[in-house]
Each structure stands twice: as C-alpha cells, then as structure tokens.
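Colleague: Below is one structure. I have some questions about it.
Each value in this text was obtained by applying a stated rule to the coordinates, not by laboratory testing. Keep in mind the model is a prediction, meaning the values are calculated, not measured. FYI the Cβ positions are ideal-geometry reconstructions off the backbone, even for glycines, and counts take in every protein chain you see.
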Amino acid sequence: MATRVEHLVTTGTFSLDGGTWEVENNVWILGDDTSVIVLDAPHDADAIMRQVGDRKIEAIVCTHAHDDHVAQAPRLRELSGAPILLHRDDRELWALTHPDAEPDGELVDGQVIAIAGTDLQVIHTPGHAPGAICLYAADLGCVFTGDTLFNGGPGATGRSFSDYPTIVDSIRARLLTLPPSTIVHTGHGDDTTIGAELGNVPDEKAE
C-alpha cells in the first residue's frame, strides 16, 4: 500500500525569550494502514493518537526543538512507545522544555528513515534552530520543512538560537536545489512548492 501523507493541525502556544504567542502547528503523519511516523508533537498528544488510531508509530521525528514542536513528544512516546528522534545540535533547546526527559536517538544529515516502503532523507538545515532538519521524500515529490521554509520564504530568525544568514544558506544550498515541483509541507500555514519559493529567498545575507 502506498505511503499516505496525513495532516493534523493543533493549537497552543510558543514560548521563548520571555514571550508567549498563540500558534497553530501542522503535524504530519506518514505511513500506511499498519505503521506511521509522526513529524513533530506540538500541543495535543491525544489528538495525534486519535489520528493514528490502531497503527504503530515507528518514530516521533522532531524538525527542531522549539516547544511548540516538541511539547508533547514525551507524552506521545509514553502513549505509543515510539522513540523520539532529534538532531544533536538542538539538545540545548530541547532541555529548555524537557530538562528531565531525553530524546531516544539522533537525526543525522543524510540519514534515511523508511516508512511503508518510502525513504525519507534527513536534511540538516540550521538557521531557525541549530538542529533544524527537513525530511525529503523524493518518491512522494515533497519535502517537510518544519519552520525552515514557509509559504512566502524563510522561517523566523529573530529569537535565541537562530541566525538569518545561516537559514538563507541552508535554504539555498539544501532546499532550493530540489526539483521546482517539489511540494513543501510546512510546520505552520499552507503548503507551497520549491519553485514558488525561488524568488522569496534572497541571495544576499542581510536580514
């Protein structure tokens, strides 16, 4: 059975640097009728479990460690038994939200995660966060970009642990080189395509 891409939106808050903001997050569930991986675990582990149903969660893959993407990861692990995977460069950011809980494994650039016969390539794209990653599914013609690339351009870099020149470099070198028809599934908001974003990412390294 072909791999499906399922979309769930959860609502909650994002907190960093002393501020808190209301946000809606995209949760992406990839798999078939038997097993799935969950991409990010923001505000509502129970809603994610309802979407997954009786399927097995093979892994909880974190695009980065901002609290609105990982707040419910330990709870989802508790409910499902699935390991939490995070890039090592985001461990300090993770500890701000979960000082007493550890991820189970590390995501590494170039790593391949297989689900339901589909290979997902881990692409390290620092900038929004040091350990931000994207997942590229060539067979599905899509890439999951977390908060690195949105419909309209790069993710935010105005807070701690982020850097604008770095995110521009990441997007231009690692994402805009993908086929223009590649669908971009983002961490917040609407889908876009690589081709549509070519003109929204500057060449210069100035915010």
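Colleague: Once you have the Cα-Cα distance between residue 21 and residue 79, take 0.36 nm times their residue separation minus that, and quote the gain in nm to one decimal.
Modeller: On the way: separation 58, 0.36 × 58 = 20.88 nm, distance 2.72 nm.
Computed gain between residue 21 and residue 79 is 18.2 nm.
Colleague: To continue, here is another question. Here are several values of percent of Cα pairs over 23 Å apart: (i) 39; (ii) 46; (iii) 52. Which one was derived from the coordinates shown?
Modeller: Among (i) 39; (ii) 46; (iii) 52, the one calculated here is (i).
Colleague: Between 139, 44, 169, find the one with the highest GNM mean-square fluctuation for the chain; connect C-alpha pairs within less than 10 Å.
Modeller: So, out of 139, 44, 169, the one fluctuating most is 139.
Colleague: Out of the DSSP beta bridges found with both residues in the chain, what percent are antiparallel (nearest 5)? If you can, show how the numbers build up before the last one.
Modeller: Numbers: 32 of 46 bridges.
Counting only bridges with both partners in the chain, antiparallel ones make up about 70 percent.
Colleague: Using a cut-off of 13 Å between beta-carbons, work out the net charge of the residues near residue 20 (Lys and Arg +1, Asp and Glu -1, residue 20 not included). Write out the running numbers ahead of the final one.
Modeller: Numbers: positive: 159; negative: 17, 22, 67, 68.
Around residue 20, the charge tally is -3.
Colleague: Also, I was wondering about something else. Pick out which of 134, 142, 62 has the largest mean-square fluctuation in a Gaussian network model of the chain, springs linking Cα atoms closer than 10 Å.
Modeller: Most flexible of the set in this elastic network: 142.
Colleague: Let me ask you something else. Label points 7 Å out from Cα along the Cβ direction at residue 51 and residue 151: separation in nm?
Modeller: About 1.6 nm separates the two model spin labels.
Colleague: Right, something else. Would you kindly derive the ³J(HN,Hα) couplings of segment 58-70 from the backbone phi angles with the Karplus curve 6.51 cos²θ - 1.76 cosθ + 1.60 (θ = phi - 60°), listing them in order in whole Hz, with x for Gly and Pro?
Modeller: 7, 6, 9, 9, 9, 5, 5, 10, 4, 4, 6, 10, 10
Colleague: Using a basic spin-label model with each label point 7 Å from the Cα along Cα→Cβ, how many nm lie between residue 11 and residue 191?
Modeller: Calculated label separation equals 2.4 nm.
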